[in-house]
């Protein structure tokens, strides 16, 4: 951001830290991954210690967590939910059903969307069937680092 010829890098860092440390989310879908989201919200894993608070209204959320399979009938509703969220907004896709159709892939069913990325832009994919709470927390930490602008160092194989 430039304001009057000055670059406000410190304010940018503070804003990105605040944005990444207070992700309010709304979830969609159902299935097995919805149970894992509930487990991650519980006392054992406690997503609130990362600043994640569940919201009912998408107009107050900045993170959309997509779980379960997405039918073509539900795709328009998912897009409408995404469009209601204020910017900046982020999307986390959980499990193999939301990522690629899972066992209900388009090769076997004509009514299933082959991935949430065909409807909304996805920032983080969390693998698993269903995605475990540990994987959900790892995806959340990765999203926070992405918002802050940090790069994860990958070990050399």
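The values are calculated or read from the model by the stated rules, or taken from the named source; none is laboratory data. Predicted model, so just to flag it, every value in this text is computed and none were measured. All Cβ positions, glycine included, derive from the backbone under ideal geometry; neighbour counts span all protein chains shown.
Test each condition in (1) touching a residue at least 40 places away in the same chain (Cβ under 8 Å); (2) surrounded by 15 or more Cβ atoms within 10 Å (Cβ to Cβ) for residue 93 and report the one that comes out false. Among (1) touching a residue at least 40 places away in the same chain (Cβ under 8 Å); (2) surrounded by 15 or more Cβ atoms within 10 Å (Cβ to Cβ), the lone unmet condition for residue 93 is (1). Could you please find all residues in the range 44-65 being at pLDDT below 85 and buried (at least 21 other Cβ atoms within 10 Å of the Cβ)? Within the range 44-65, 52 is the sole residue that qualifies. When the criteria are applied in full, residue 87 meets the requirement of being out of contact with any strand residue (DSSP E or B) (no Cβ under 6 Å at 6 or more places or on another chain) and either part of a strand (DSSP E or B) or surrounded by fewer than 18 Cβ atoms within 10 Å (Cβ to Cβ) (or both). One residue is enough: does the range 60-71 have a residue meeting the conditions touching a residue at least 60 places away in the same chain (Cβ under 8 Å), in a loop (DSSP other than H, G, I, E, B) and over 16 Å from residue 119 (Cβ atoms)? No.
Residue-by-condition table, conditions (1) in a loop (DSSP other than H, G, I, E, B); (2) in contact with a strand residue (DSSP E or B) (Cβ under 6 Å, 6 or more places away or on another chain); (3) farther than 24 Å from residue 40 by Cα:
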residue	(1), (2), (3)
79	no, no, yes
83	no, no, yes
91	no, yes, no
98	no, yes, no
108	yes, no, yes
114	yes, no, yes
117	no, no, no
122	yes, yes, no
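For the range 20-32, taking the residues that are modelled with pLDDT of 80 or more and either touching a helix residue (DSSP H, G or I) at 6+ places or on another chain (Cβ under 6 Å) or in a strand (DSSP E or B) (or both), the one that is farthest from residue 97 (Cα to Cα) is identified as 24.
Given the options 29, 68, name the one that is in contact with a strand residue (DSSP E or B) (Cβ under 7 Å, 6 or more places away or on another chain) and either at positive phi or surrounded by fewer than 19 Cβ atoms within 10 Å (Cβ to Cβ) (or both). Full working, then the answer.
Working: 68 fails: in contact with a strand residue (DSSP E or B) (Cβ under 7 Å, 6 or more places away or on another chain).
Only one candidate passes the filter, namely 29.
Is it fair to say residue 80 is free of Cβ contacts under 8 Å to residues at least 40 places away in the same chain and farther than 26 Å from residue 127 by Cβ?
Criteria met by residue 80.
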